[in-house]
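To start, the structure itself, in structure tokens.
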């Protein structure tokens, strides 16, 4: 019992919890942010999230059942749609790291919004259980989150980072975004 308490309140876990909570809070406010600031902030949060997740200590489930989850299909879909609305036509990107790609003649399209919603779902479920404050379930939530990072959302995070980098630094699109922003501001003034 004392050992699991030491793990869940270790410096690396506490720092990960902080970054995960901030990431969730930012994504929950996405609908109120314009594309440029959203991309800028996400490009800063994701590398930090990756770093903090990679520093999590090894741990194994103690309970027989997984802790309860918070993110329903409805919450997930709302999150995905809000992010998709912010990104607009920049939401899609070509995936190159899927195993299916080796057997595909055509590129596989992915969505930044779906990847971020997947990451959000794991983080929010983890944070939800952590906030309940029961050592064993906190420990199990940490074990699940760490495992899911290695198997699922860690790769989604780096793929999304690559796609967001392209959104921010693709020169042709940057000019179009500025023209679109100018048109939008002009329409608001009228």
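Every number here is computed from the coordinates shown, using simple stated rules; none is lab data. Here the structure is a predicted model, which means the values were calculated and not measured. All Cβ positions, glycine included, derive from the backbone under ideal geometry; neighbour counts span all protein chains shown.
Between residue 169 and residue 78, the FRET efficiency from the beta-carbon distance, with R0 = 25 Å, is close to 0.30. Remark: spin-label model distance residue 48-residue 15 equals 1.2 nm, labels positioned 7 Å along the Cα→Cβ axis. Expressed as a whole percent, the proportion of Cα-Cα pairs in segment 1-54 lying more than 16 Å apart is 49%.
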